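S.K.: Just passing along the structure, written as structure tokens.
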Amino acid sequence: MPFELRHIVCAVDFSRHTAGVLRWGRFLARAFDARLSVFHAVTASHDRFPGTAIFERGGRQSDLLAAARQRLEEIVAPLDQANGVAVAGDPVDNLGEYARKTSVDLVIAARHGFSGIQRVLLGSVVERMGRELAKPLLVVGMREAGSTGSLPFSNVVVGLEADDAHAPAFKMAVALARRFGAALYLMSAMERPLLADKVEPTEGPYGEIQTTLQQRLQQKMTDMTSTLAEDLKVTVNLVPGPAVEILPSYVRHRQVDLLVVGVKSRRRFQRRLIGSTTEAALRHADCAVLTVPTMMN
């Protein structure tokens, strides 16, 4: 079945990042002849005590929603096949519900670059999106969200676990690289020594064994990927070390335009408590990041 994007949603907050998110959305919508929606959530300001929403007491919710809808009408007016959606409440929960109800294929949002104490106190909406949305999420950063820069992208890296070439993340990376004629790199971080049961066993000194196993695994992955992307040149790299450290440096070295990573399904309470390679990519990768759930609905 050919890869398709039929409905793309740009999640915006009316900040300076909005123009870049819309630029990506418009570009991809045109490339795939997709419907484009622009989504904004009006969140409530709360008192510290007793924690009630300020606009609930002041009756301003309807005014804020009306203003957001007016702003969205102005934004979507020059866009092709676009509509605006404004809701009140939590942006991630409401976006997830909207995505399920309207068969969204891709969500686009911006990374604001909070770090340190700002992230502890304010959290990151886009990181929650990456953990909780059951849809592919394209996150653009400062460089990609700006009004300058080139589209389409020319270098795509997909970060996968060893020999997991059938993962949805790899299939989506292949489809995007094929559509835009981009170079495709498959990077797998080896955080632990390789075991002989992953490939054909070998004998010899430990260092030589590991080198041989890595070479065999790399060839195995190259053969697997060639069956799924026979019309593309896919470069496979196995890199020793933790993925959370390797991915950002690998992206900078390759001058990558798009990093594609998978998101493993977790129970709801785990999504908020457990860090991941995906979150490291969202925080530190100096390029656009596409997160793809291992199981999508």
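S.K.: Restricting attention to helices (runs of 4 or more DSSP H) lying wholly within region 1-86, give those where 3 or more residues are within 30 Å of Phe153 (Cβ to Cβ) and at pLDDT 90 or above.
M.R.: In region 1-86, the matching helices (runs of 4 or more DSSP H) lie at 18-32, 61-76.
S.K.: Please find, within region 261-287, the residue that is surrounded by the most Cβ atoms within 10 Å (Cβ to Cβ) out of those that are modelled with pLDDT of 80 or more and within 16 Å of Leu133 (Cα to Cα).
M.R.: Val261
S.K.: Filter region 216-260 down to residues that are closer than 20 Å to Lys171 by Cβ, modelled with pLDDT of 80 or more and out of contact with any strand residue (DSSP E or B) (no Cβ under 9 Å at 6 or more places or on another chain), then give me how many there are.
M.R.: 1
S.K.: Go through region 97-127 and count every residue that is at pLDDT 85 or above, part of a helix (DSSP H, G or I) and surrounded by fewer than 22 Cβ atoms within 10 Å (Cβ to Cβ).
M.R.: Of the residues in that region, 4 qualify.
The values are calculated or read from the model by the stated rules, or taken from the named source; none is laboratory data. As the structure is a computational prediction, the values presented were derived from the model and not from experiment. Here the Cβ is made from the backbone with ideal geometry for all residues, glycine too, and neighbour counts use every protein chain on show.
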